[in-house]
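> A single structure is presented below for examination.
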């Protein structure tokens, strides 16, 4: 499956949906900080991978796909659910990259300047996530 | 500006940036990778390093590995709830949250405590 850049996907998103993601991201970052302050960095660290944004994102994807198909006279309900399921599967592949991000940060942060450590770990997240996604796509074609 | 407000703005901006980048890509399964982007982690760790030091941030990262493994299982469960049981996205994502707590805390207790 070919990866494409499609700016039209952004046009479907309304301003209040961007605002919803901004607020959800801001709130979970504050909560993660409060948890770390209250119970220490050991427990706080777990919440750096809490799926706080996930319900809002999945609901928006489901809604956009449903509307897009209904405008063409197709069964939007089914396609909306399928799109959200595929998005969640992609997030599972991205989570494998997130494990790598956390492990690499754990190793790099004490040894290197912060921008280098965080930048390097983000590149590693992208590479590991992309590799996991590619392997899954190839296996799906084979079996 | 209070620390909470700084956290809110930085967290909101980083999460929004990854959401916009993810929205640019097709197919949907590839765009989904960005649903597990290290957005909250980048915002939190950058602030933790500058305010609490590298050891504090490093400890957070160690625990985050368990949280990320929990997120992987959570996402797989959400995908299955949607594909097989045809639940709505909101119901599936909320019903699966106990699995994240269970696996994240169990992995942390077994391997990282």
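> Taking residue B:46, is it surrounded by fewer than 24 Cβ atoms within 10 Å (Cβ to Cβ) and in the same structural domain as residue B:5 (by TED's automatic domain parsing)?
Numbers: surrounded by fewer than 24 Cβ atoms within 10 Å (Cβ to Cβ): yes; in the same structural domain as residue B:5 (by TED's automatic domain parsing): yes.
Yes, satisfied.
> I need a count of the residues in region B:20-54 that are more than 7 Å from every other protein chain (Cβ to nearest Cβ) and farther than 23 Å from residue A:19 by Cα.
So the answer is 5.
> Which pairs turn up if I take residues in region A:71-99 that are farther than 25 Å from residue B:37 by Cβ and look for partners that are part of a loop (DSSP other than H, G, I, E, B) with beta carbon separation below 9 Å, at least 6 apart in sequence or on another chain?
As it stands, the answer is A:77/B:86; A:78/B:86, since those pairs meet every condition given.
> Any residue in region B:76-92 that is outside the structural domain of residue B:40 (by TED's automatic domain parsing) and under 22 Å from residue A:121 (Cβ atoms)?
No, region B:76-92 contains no residue that is outside the structural domain of residue B:40 (by TED's automatic domain parsing) and under 22 Å from residue A:121 (Cβ atoms).
> Another question, if that's okay. Regarding residue A:25, is this residue surrounded by 14 or more Cβ atoms within 10 Å (Cβ to Cβ), without any contact (Cβ under 8 Å) to a residue 12 or more places away in the chain and either more than 7 Å from every other protein chain (Cβ to nearest Cβ) or in a helix (DSSP H, G or I) (or both)? Working first, answer last.
Numbers: surrounded by 14 or more Cβ atoms within 10 Å (Cβ to Cβ): yes; without any contact (Cβ under 8 Å) to a residue 12 or more places away in the chain: no; either more than 7 Å from every other protein chain (Cβ to nearest Cβ) or in a helix (DSSP H, G or I) (or both): yes.
No; evaluated as a whole, the condition is false for this residue.
> Within region A:102-117, how many residues turn out to be crowded, with 20+ Cβ neighbours inside 10 Å and either more than 7 Å from every other protein chain (Cβ to nearest Cβ) or farther than 28 Å from residue B:99 by Cα (or both)?
Of all residues in region A:102-117, those crowded, with 20+ Cβ neighbours inside 10 Å come to A:102, A:104-106, A:108-109, A:117.
Next cut, either more than 7 Å from every other protein chain (Cβ to nearest Cβ) or farther than 28 Å from residue B:99 by Cα (or both) only: A:104, A:108-109, A:117.
Going through region A:102-117 one residue at a time, the tally reaches 4.
> Is one or more of the residues making up region B:73-91 under 24 Å from residue A:41 (Cβ atoms), modelled with pLDDT of 95 or more and within 7 Å of chain A (Cβ to nearest Cβ)? Talk me through it step by step, then tell me what you get.
Keep residues of region B:73-91 that are under 24 Å from residue A:41 (Cβ atoms), which gives B:73-74.
Now drop any that are not modelled with pLDDT of 95 or more, which leaves B:73-74.
Pick out the ones that are also within 7 Å of chain A (Cβ to nearest Cβ) and you get B:74.
Yes.
> Given the condition within 7 Å of chain B (Cβ to nearest Cβ), part of a helix (DSSP H, G or I) and more than 23 Å from residue B:97 (Cα to Cα), answer yes or no: does some residue in region A:1-15 qualify? Talk me through it step by step, then tell me what you get.
From region A:1-15, those within 7 Å of chain B (Cβ to nearest Cβ) are A:1, A:3-7, A:9-10, A:13; that's our starting set.
In the following step, the residues that additionally are part of a helix (DSSP H, G or I) were identified as A:9-10.
Going one step further and asking which of them are more than 23 Å from residue B:97 (Cα to Cα), we end up with A:9-10.
For region A:1-15, residues within 7 Å of chain B (Cβ to nearest Cβ), part of a helix (DSSP H, G or I) and more than 23 Å from residue B:97 (Cα to Cα): present.
> Go through region A:1-22 and give me each residue that's free of Cβ contacts under 8 Å to residues at least 12 places away in the same chain and out of contact with any strand residue (DSSP E or B) (no Cβ under 9 Å at 6 or more places or on another chain).
The answer is A:7, A:8, A:10, A:11, A:14, A:15, A:16, A:18, A:19, A:22.
> Here's something else I'd like to know. Among the listed residues A:48, A:74, A:60, A:89, identify the single one that is surrounded by 15 or more Cβ atoms within 10 Å (Cβ to Cβ), more than 7 Å from every other protein chain (Cβ to nearest Cβ) and out of contact with any strand residue (DSSP E or B) (no Cβ under 8 Å at 6 or more places or on another chain).
Details: A:48 fails: more than 7 Å from every other protein chain (Cβ to nearest Cβ); A:74 fails: surrounded by 15 or more Cβ atoms within 10 Å (Cβ to Cβ); A:89 fails: more than 7 Å from every other protein chain (Cβ to nearest Cβ).
Residue meeting the stated conditions: A:60.
> Right, next: Suppose we filter A:42, A:99, A:123 for residues that are in a helix (DSSP H, G or I), out of contact with any strand residue (DSSP E or B) (no Cβ under 6 Å at 6 or more places or on another chain) and more than 9 Å from every other protein chain (Cβ to nearest Cβ); which single one remains? So that I can check it myself, show each step before the final result.
Values: A:42 fails: more than 9 Å from every other protein chain (Cβ to nearest Cβ); A:99 fails: more than 9 Å from every other protein chain (Cβ to nearest Cβ).
None of the other options fit; the residue is A:123.
The values are calculated or read from the model by the stated rules, or taken from the named source; none is laboratory data. Worth saying up front: this structure is predicted, and the values here are computed from it rather than measured. Glycine gets a Cβ as well: all are built from the backbone with ideal geometry, and neighbour counts include every protein chain shown.
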